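Undergrad: Sharing a structure here in structure tokens format.
The values are calculated or read from the model by the stated rules, or taken from the named source; none is laboratory data. Given the structure is predicted, the values throughout are model-derived calculations rather than measurements. Virtual Cβ from ideal backbone geometry, glycine too; neighbours counted across all protein chains shown.
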Amino acid sequence: MASGKKDRIVISCVTFDVAKVVSPIVHYEASRVHLIHYVKSDDIYQEFYDEVCARISEEIPRCEIVEHNAEVFDFAKMMNVVSRIMEDEIERAEIRPDIYVNVSAGTSEYSAASLMASMMHEGVMPFNVPTERYTVSPDRIRDVYFDDGRPVGLSMSVREPTLISTFTMKMPDKGQIKGLWILKRRLNNKEPISAAAIIPELSELGLIKCNYSMGSKKPDQNTLMNYQRNFVDKWIHNGWAERTSKRMMRITLDGEAVLKMFMD
């Protein structure tokens, strides 16, 4: 919200925990929270999510709750969702917000992805929420994780959140990722993947300066070398693509993961 004042944003994942999600949101007096969960239908997971929302509204009535229904067991998807939340919050704000990321609640895939995403975005603050008292098997969820008819989750109460020390992790080059996406699209559509075919698309996106040979519509030698050095060689070096023959390439599993994380 562009209100002219600094927002406090909390990002969290909701599975079977309530206190571990709600307590730090209250502690940081969040103005907006992003809750990531995965519900295919009205089931027990939805009840936990509804309880979290109810308690947040009770404790901080003016707090805005933003729901993200995504596959919380998919690391790459979580990386994509969390990164986009951070980038959207930073871009929309007049004053850069304080962004806190709960890496304790939710699935291990979410926790790993959210911590990594925090390290890739300067100033984002991941935190841990130590459990003070535990509440136990899937067949006893309703018996164990409900209290007086209301979901309480794995933790009856928690200690104050503790910030986690981070290091700045360099983001993958977005130009190289966009170029990789062009390569993948052309491979999928069985279109040419020669330098002469890909360079004009890169040029349209402002990712490479395309100079043409005298009296020709083909890129000149300097442009071809620039493309080879800054795109093809980097894709191969990063393990995102590999050659299958002199004129053919394929996207590797790591390359597919990078595209899943950082491209729509």
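Undergrad: So which of Lys246, Lys260, Lys218 is basic (Lys, Arg) and under 22 Å from Lys170 (Cα atoms)?
TA: On the way: Lys246 fails: under 22 Å from Lys170 (Cα atoms); Lys218 fails: under 22 Å from Lys170 (Cα atoms).
Unique residue meeting the criteria: Lys260.
Undergrad: While we're looking at this one, here's another question. Which residue, of Glu58, Glu51, is exposed (fewer than 15 other Cβ atoms within 10 Å of the Cβ), assigned by TED's automatic domain parsing to the domain that holds Val158, assigned to a helix (DSSP H, G or I) and acidic (Asp, Glu)?
TA: On the way: Glu51 fails: exposed (fewer than 15 other Cβ atoms within 10 Å of the Cβ).
Just a single option satisfies the conditions, and that option is Glu58.
Undergrad: While we're on this one: Filter region 11-39 for residues that are at pLDDT 95 or above and aromatic (Phe, Trp, Tyr) and give the result.
TA: Tyr28
Undergrad: Next up: I need every pair where a residue in region 203-220 that is exposed (fewer than 11 other Cβ atoms within 10 Å of the Cβ) has its Cβ under 9 Å from the Cβ of a residue that is outside any loop (DSSP other than H, G, I, E, B), sequence separation at least 6 or different chains.
TA: From region 203-220, the pairs are Gly206/Gly175; Lys217/Ala196.
Undergrad: So for region 201-212 (the condition being among the β-branched types (Val, Ile, Thr) and closer than 20 Å to Leu259 by Cβ), does at least one residue qualify? Give the steps one after another, and end with the answer.
TA: Of the residues in region 201-212, the ones among the β-branched types (Val, Ile, Thr) are 208.
Remaining after also requiring closer than 20 Å to Leu259 by Cβ: 208.
Scanning region 201-212, I find at least one residue that is among the β-branched types (Val, Ile, Thr) and closer than 20 Å to Leu259 by Cβ, so the answer is yes.
Undergrad: Could you look through region 1-40, keep only residues that are basic (Lys, Arg) and farther than 20 Å from Asn128 by Cα, and pick out the one that is nearest to the chain's Cα centre (by Cα)?
TA: Applying the first criterion (basic (Lys, Arg)) to region 1-40 yields 5-6, 8, 20, 32, 40.
Filter once more, so that each one left must be farther than 20 Å from Asn128 by Cα: 5-6, 40.
Details: Lys5: 25, Lys6: 23, Lys40: 21 Å.
Once the filter is applied, the top-ranked residue is Lys40.
Yes or no, residue by residue, for (1) out of contact with any helix residue (DSSP H, G or I) (no Cβ under 7 Å at 6 or more places or on another chain); (2) more than 12 Å from Leu183 (Cβ to Cβ); (3) surrounded by 12 or more Cβ atoms within 10 Å (Cβ to Cβ):
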| site | (1), (2), (3) |
| --- | --- |
| Met225 | yes, yes, yes |
| His237 | yes, yes, no |
| Arg247 | yes, yes, no |
| Thr252 | yes, no, yes |
| Ala257 | no, yes, yes |
| Phe262 | no, yes, yes |
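Undergrad: A further question on this structure: Within region 29-37, is even one residue among the hydroxyl-bearing types (Ser, Thr, Tyr), in contact with a Lys or Arg (Cβ under 9 Å, 6 or more places away or on another chain) and either part of a loop (DSSP other than H, G, I, E, B) or buried (at least 21 other Cβ atoms within 10 Å of the Cβ) (or both)?
TA: Keep residues of region 29-37 that are among the hydroxyl-bearing types (Ser, Thr, Tyr), which gives 31.
Next, from what is left, pick out any that are in contact with a Lys or Arg (Cβ under 9 Å, 6 or more places away or on another chain): 31.
From the residues that got through so far, the ones that are either part of a loop (DSSP other than H, G, I, E, B) or buried (at least 21 other Cβ atoms within 10 Å of the Cβ) (or both) too are 31.
There is at least one residue in region 29-37 that is among the hydroxyl-bearing types (Ser, Thr, Tyr), in contact with a Lys or Arg (Cβ under 9 Å, 6 or more places away or on another chain) and either part of a loop (DSSP other than H, G, I, E, B) or buried (at least 21 other Cβ atoms within 10 Å of the Cβ) (or both).
Undergrad: Inside region 182-193, can you point out the residues that are surrounded by 13 or more Cβ atoms within 10 Å (Cβ to Cβ) and either touching a Cys at 6+ places or on another chain (Cβ under 8 Å) or within 16 Å of Arg243 (Cβ to Cβ) (or both)?
TA: Leu183, Lys184, Arg186, Leu187, Ile193
Undergrad: Might you check whether a residue that is over 28 Å from the mean Cα position of the chain (by Cα) and assigned to a loop (DSSP other than H, G, I, E, B) occurs anywhere in region 221-243? Don't jump to the end; show me each part of the working.
TA: At the first step, the residues of region 221-243 found to be over 28 Å from the mean Cα position of the chain (by Cα) are 221-229, 243.
Filter once more, keeping what is assigned to a loop (DSSP other than H, G, I, E, B): none.
No, region 221-243 has no match at all.
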